[in-house]
Amino acid sequence: MNEGRRVRSLRLRAATPALVQRGATLLEDALRTASMPDPGRGRVLFIRSLALGVIRPDRSPSSLALALERRVAALARDAVHAEEERAPAAHAVYFADAVQALVALGSRLAKRAPMGAWFWPLVVPEAWGKPVDEALRAVLQAAMETEPGPAAAVALVEGMVERGAVGPLLGALRWVDGPGLARAFWGHAPEVSRGVVLARAAAPELEVMPGRVRVVLEEWVGTWGPEDLRSVWLAAVVMSLARPARVVDAELPARAMRVAAAVVPMAERARAPRPEEPVEERVELEAAPEVEERRRVERAEEPGPVSRAPRPVEEPEVPVQVRPEVEVEAPRGEARRPRPVAPEEKVARRTGEQPRSEEPRRADSWSEVPEPTRAGGLLFLVHALEYLGLPQMLSEQPELRERAVAEHFLAWVAARLGVPLEDPVLRALRVEELPPLAAPCGFTLTERLRERSGAVLPARGIIQGDRTLEVDARGRLVLSLRHSSPEPLGGIPPDLELLLRTLYLATARLLRTRARLSLRALVLRPGRIAATSTHLDVLFDHTQAELHIRRAGLDVDPGWVPWLGRVIRYHYLHGELPPT
C-alpha cells in the first residue's frame, strides 16, 4: 500500500471541456499544495467522497487548497475505525497504521470473509479482482513497500498469526517467491549451504521461541524443506518478531539457515504417526493364523458398530475471485473451504491439552487515545545517538545489537532521571522484554564515537581480574573492553553497564555543547505517545517547540529508524498541555 495522497476518481461538470480542464488543473495544484490535517499517530485515512462545491475558473489554487483542508479536517474528526460495525456507512474510516490495514485485509482474504464495504478495495488496489492466493501475495508485497519495509512484513506475519490466518498467507507463497523475499530483506538471495542443512546444528533461538510461532515454523519448513529460501525467510521473520531491529542484521541470513535446518527434525517428529493412529493394526493382519483366528472370535463377540451416515464426497475447490462491492462467499452446491486451524489448536492436538488463549499483543491493545508520558523528549535522543555514531557501532558489532543496547540505553537514561517503568514511553519500547545486561559482552567504540564523545587522549589500560578496560585520560569514558574469561566477575559493574555509562556521558556532553541543554531538560517534558507494531508517535503542545532544539535537529522526524525497528514521528499540536 503506497502511503501518500491518492484520488481514486474525480468528477467535474462544466459547460465546456475547457472549463473542465481548468477545474482539473486547479484541483491538482490544490492537492499538491494543501497541508492536509494529520489524522494522527501514523493513521491511514480513507475518505469515501469529498464534495468541493462550485470551483470558479478565476479562483486561485491556494484558496481551493484551504477549502480542501477544511473539508478533510472535518471528515477526519468524524472518522471511525475500519473494523467497527458502523464503518461501511461512514464517510471516512481509518486504520492505526498501514500494517494494521494490511493485517485486516489479509485476514479477511484468508478467511474468505465478506468485503463489501467501500474502503476495502482502497487498501491494496493491486489485490482486488484477483484469486485469493494472488491477492495475499499482493498484500505481502504492499507491506514490503511501506516505510518500515521488512519490519512491516514481520508485523504483518505476526498480526496474521494473532488472527489465526497465517496459514493461507504462507500457503500462497510459491517456490519462485523465495529469492524475491530474500532480496527484499537483505538485498540479495543467499545460497543455502548444503553443509548447514546436513549438520543441523543446535539453534538456541528455538529454545526461547513462543510455541505458537514455533508450530508455524515447524509446519512450513517441514513442507518446503530447509534448503528453500521461503524457509530461510520465514525463520528470519520468526526470529525478528520479538525485536524487529534484527531485520537489518547482516548475520540474520546465516542464523536463519541454522534455525531452518534445526527445525527439520522437529517437523519430522511432528508428522510422525501418533499413538492413536492404526499402526498396530497393520501388524495384526500379518500375524500368525492362530492369532488372527482368536482376534476374529473376539471381534465377533463384541457389540456391532454404530451405523453412521456416509460422508459426502467433497467437490474440488474453485478459486474465489475477490471483487469490489461483492461479498466473497462460496457458491451454493460447492464445498466450503476447511476452516484454518490456529497454531494454539495444533499444539493442543499434539499434547492433548485444551487450547489456551494467548496474551494479546501490546501494540494491538494500546488505547485509541494517546497516553500521557513524563519523558516525552526521550526519543529526541535518537538523533543524538545517530550523530555520535551508535548505529555504525551496532552494525560493526552485531552482538551489541542482539543485546538491544540502544533500547537498554533509552531505558537506562529514563531510570537515571526517575521515570518509572510504567511510563507509556517505556511500555511502547517494550523494555520489560529486553535481554539482561549481566551477561559478559566485550565492545570497542568506533573512531567516530571516540571523537564525538569528547574522550581525552591518551588512553590508558586498566586490568580488572580477567577483563581489560581502555579508558580515556580522565578515566570516565570506557573506550573498549575485552575479557579472557566467559564468567562474569563479582563486585564490579557488568560490561554493558560500562558502555551505557559511556554513552550517557557522551550524550550529556553533546547536548551541552550543541544544544545548550541538559539531558534532564530535554527528556523530562510532558507529552503523549501512541504506539503500534511499527510506529511511535509523540505529541507535544505547540508552545513546547524550542528554537535551540530545532536548530540542533533533535525534533526533526527520524522516520524509519532501522536500529530500533520503528517509525518515529513528532507532532506539535494545539491544546496538548494539561490544564493548570
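The values are calculated or read from the model by the stated rules, or taken from the named source; none is laboratory data. All values reported here derive from a predicted model rather than from experimental measurement. All Cβ positions, even for glycine, are placed from backbone atoms using ideal geometry, and neighbour counts span all protein chains on display. For the accessible areas, the whole protein counts, side chains as well, though only heavy atoms, and no ligand, DNA or RNA atoms are used. Shrake-Rupley method; radii C 1.70, N 1.55, O 1.52, S 1.80 Å.
At a glance:
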item: Any hit, the range 110-128, residues being open to solvent by less than 40 Å² (accessible area, probe 1.4 Å) and closer than 17 Å to L170 by Cβ; result: yes
item: Checklist (1) modelled with pLDDT under 90; (2) surrounded by 15 or more Cβ atoms within 10 Å (Cβ to Cβ) applied to L577, failing item; result: (2)
item: Residue in the range 364-381 that is hydroxyl-bearing (S, T, Y), on the phi < 0 side of the Ramachandran plot and surrounded by fewer than 18 Cβ atoms within 10 Å (Cβ to Cβ) present; result: yes
item: Boolean, E451 is at pLDDT 90 or above, within 25 Å of P562 (Cβ to Cβ) and out of contact with any strand residue (DSSP E or B) (no Cβ under 8 Å at 6 or more places or on another chain); result: yes
item: Conditions (1) closer than 30 Å to E158 by Cβ; (2) at pLDDT 90 or above; number of the one not met by L510; result: (1)
item: Count - residues of the range 220-236 that are part of a helix (DSSP H, G or I), modelled with pLDDT of 90 or more and more than 22 Å from the chain's Cα centre (by Cα); result: 2
item: Unique residue being among the charged types (D, E, K, R) and either closer than 23 Å to H574 by Cα or open to solvent by less than 60 Å² (accessible area, probe 1.4 Å) (or both) when the list is R43, R22, R8; result: R43
item: Test result for R22, at pLDDT 85 or above, farther than 30 Å from G159 by Cβ, outside any loop (DSSP other than H, G, I, E, B) and of a type outside the set (G, A, S); result: yes
item: Qualifying position, being under 20 Å from L449 (Cα atoms) and either at pLDDT 90 or above or not in a helix (DSSP H, G or I) (or both), among L500, L539; result: L500
item: Listing of helices (runs of 4 or more DSSP H) fully contained in the range 47-165 that carry 3 or more residues being at pLDDT 90 or above; result: 98-110, 120-123, 132-144, 150-162
item: Any hit, the range 433-445, residues being at pLDDT below 90, among the hydrophobic types (A, V, I, L, M, F, W, C), open to solvent by 10 Å² or more (accessible area, probe 1.4 Å) and in a helix (DSSP H, G or I); result: no
item: Residue check for G195: small (G, A, S), out of contact with any helix residue (DSSP H, G or I) (no Cβ under 6 Å at 6 or more places or on another chain), more than 23 Å from L434 (Cα to Cα) and modelled with pLDDT of 85 or more; result: no
item: Residues located in the range 395-423, provided they are assigned to a helix (DSSP H, G or I), over 18 Å from R482 (Cβ atoms) and open to solvent by less than 10 Å² (accessible area, probe 1.4 Å); result: A406, F409, L410, V413, A414
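Here's the yes/no breakdown for (1) open to solvent by 30 Å² or more (accessible area, probe 1.4 Å); (2) assigned to a strand (DSSP E or B):
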position	(1), (2)
L510	no, no
L517	no, no
R520	yes, no
A530	no, yes
T543	yes, no
G553	no, no
D557	yes, no
W560	yes, yes
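Yes/no per residue for (1) under 22 Å from E251 (Cβ atoms); (2) without any contact (Cβ under 8 Å) to a residue 40 or more places away in the chain; (3) among the polar types (S, T, N, Q):
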residue	(1), (2), (3)
L390	yes, no, no
R403	yes, no, no
R427	no, no, no
T446	yes, no, yes
